[in-house]
1. Looking for something outside any loop (DSSP other than H, G, I, E, B), at pLDDT 85 or above, more than 16 Å from the chain's Cα centre (by Cα) and more than 10 Å from the ligand (Cβ to nearest atom) - is there at least one such residue anywhere in region 36-57?
2. Return yes or no: is GLN187 closer than 21 Å to LEU62 by Cβ, within 23 Å of the chain's Cα centre (by Cα) and outside the structural domain of VAL92 (by TED's automatic domain parsing)?
3. Filter region 268-297 down to residues that are more than 18 Å from VAL226 (Cβ to Cβ) and acidic (Asp, Glu) and give me whichever is surrounded by the fewest Cβ atoms within 10 Å (Cβ to Cβ).
4. Go through region 165-211 residue by residue and tally those that are in a loop (DSSP other than H, G, I, E, B), modelled with pLDDT of 90 or more and under 23 Å from GLY13 (Cβ atoms).
5. Within region 162-175, identify whether any single residue is buried (at least 18 other Cβ atoms within 10 Å of the Cβ), within 12 Å of the ligand (Cβ to nearest atom) and either more than 21 Å from VAL94 (Cα to Cα) or of a type in the set (D, E, K, R) (or both), and answer yes or no.
6. Evaluate the following for GLN305: is it over 28 Å from ILE63 (Cβ atoms), modelled with pLDDT under 85, over 20 Å from the mean Cα position of the chain (by Cα) and surrounded by 17 or more Cβ atoms within 10 Å (Cβ to Cβ)?
7. Go through region 118-148 and give me each residue that's surrounded by fewer than 20 Cβ atoms within 10 Å (Cβ to Cβ) and either under 16 Å from ARG20 (Cα atoms) or touching a residue at least 60 places away in the same chain (Cβ under 8 Å) (or both).
Amino acid sequence: MSSDTQPPAHRSGFACFVGRPNAGKSTLTNAMVGTKVVITSSKPQTTRTVVRGIVHRPDAQLILVDTPGLHRPRTLLGERLNDLVVTTWAEVDVVAVCFPADEKPGPGDRFLVNELAKVKRTIKFAVATKTDLVTPEQLAEHLMAIDRLGQETGTEWAEIVPVSAVAGDQVQLLADLLVARLPEGPQLYPDGELSDAPEEAIVADLIREAALEGVRDELPHSIAVVVEEMALKEDRDPDKPLLVIHANVFVERDSQKGIVIGHKGSRLREVGTEARQQITAMLGVPVYLDLHVKIAKDWQRDPKQLRRLGF
Ligand SMILES: Nc1nc2c(ncn2[C@@H]2O[C@H](COP(=O)(O)OP(=O)(O)OP(=O)(O)O)[C@@H](O)[C@H]2O)c(=O)[nH]1
């Protein structure tokens, strides 16, 4: 059968979720992509590398860029991260600001939205995340607060969308609304590709996540993980592959090294086991993981060290 109406054009482009630490950005990215590609943690500010998740659909390809949280810079690392965030905003088609429904928008959100308002060209969405945690009345309050924040900062929200990534509520709707704002264009990545972050970066993040589990709040910023070597072991039966990974966990001070390693190495062993399971689940291959804890003194303040650690 022939028809005069053309099928809808294929769209492709980039969106990025921003918001305060713990706003649910990574969880939402994962829910949209359908596979764990970004690191989530119950502790703030663990997302440091820009990891993209890719939503493949017959009509569109939506590439999600996950940036670190924006915060008032106190160290050189903080400044670099903020620059990276703002540069990303100008390059994407849509920036979606995540406002967790169980917390009132605060000064941090205002700071972020004010910065975002300066990036004129980019379309701005507001996403009310974690809606499963509040009542409909609280959600209504929250949506009005988001609307007010937009007006006060001169930000025009193209959409305000409530979602729950955990309950799967409205995640699909959000994807549709994002796709609708993308320019017409071809597929930018091959089918089935979930993330173009190098596997080393994903592995480093998984190790970092494991190393942060159960340690106190002062540590998150002081850990960096670098994968030195990652390769399939040679001369193995192809049916029994083994991925050999050598990685360094960098901390800033001797005292932190002690925390990461634990009594007689007990904690580091746990970290290794946990990371190994995560990596195996992620890459689908058994892993041998060799972890070393090293001190890179004050690495957050030292440009040379920062470059070495991949910033
Ligand atoms: N109940 C509920 N919890 C959620 C939802 N989305 C995220 N969370 C939880 O909120 C916490 C933070 O989620 P993340 O996705 O890591 O938040 P993030 O914004 O990426 O955090 P950073 O990487 O620190 O910037 C985790 O404990 C999640 O399980 C949701 O829809 N409902």
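1. From region 36-57, those outside any loop (DSSP other than H, G, I, E, B) are 51-56; that's our starting set.
Checking the rest, the ones that are also at pLDDT 85 or above come to 55.
Those still in the list that are more than 16 Å from the chain's Cα centre (by Cα) too: none.
Looking through region 36-57, none of the residues is outside any loop (DSSP other than H, G, I, E, B), at pLDDT 85 or above, more than 16 Å from the chain's Cα centre (by Cα) and more than 10 Å from the ligand (Cβ to nearest atom).
2. Numbers: closer than 21 Å to LEU62 by Cβ: yes; within 23 Å of the chain's Cα centre (by Cα): yes; outside the structural domain of VAL92 (by TED's automatic domain parsing): yes.
It is true that GLN187 is closer than 21 Å to LEU62 by Cβ, within 23 Å of the chain's Cα centre (by Cα) and outside the structural domain of VAL92 (by TED's automatic domain parsing).
3. GLU270
4. In the first step, residues of region 165-211 are kept if they are in a loop (DSSP other than H, G, I, E, B); the result is 165-168, 170, 181-183, 185-198.
Of the ones still in play, those that are also modelled with pLDDT of 90 or more are 165-168, 170, 181-183.
Remaining after also requiring under 23 Å from GLY13 (Cβ atoms): 165, 170, 181-183.
Of the residues in that region, 5 qualify.
5. no
6. Values: over 28 Å from ILE63 (Cβ atoms): yes; modelled with pLDDT under 85: yes; over 20 Å from the mean Cα position of the chain (by Cα): yes; surrounded by 17 or more Cβ atoms within 10 Å (Cβ to Cβ): yes.
Yes.
7. Within region 118-148, the subset surrounded by fewer than 20 Cβ atoms within 10 Å (Cβ to Cβ) is 118-123, 132-141, 143-145, 147-148.
Once the filter is applied, which keeps residues that are surrounded by fewer than 20 Cβ atoms within 10 Å (Cβ to Cβ) and either under 16 Å from ARG20 (Cα atoms) or touching a residue at least 60 places away in the same chain (Cβ under 8 Å) (or both), region 118-148 yields only ALA145.
The values are calculated or read from the model by the stated rules, or taken from the named source; none is laboratory data. Being a predicted model, the structure only gives us computed values, none of them experimental. No Cβ is skipped: glycine too gets one built from the backbone with ideal geometry, and neighbour counts run over all protein chains shown.
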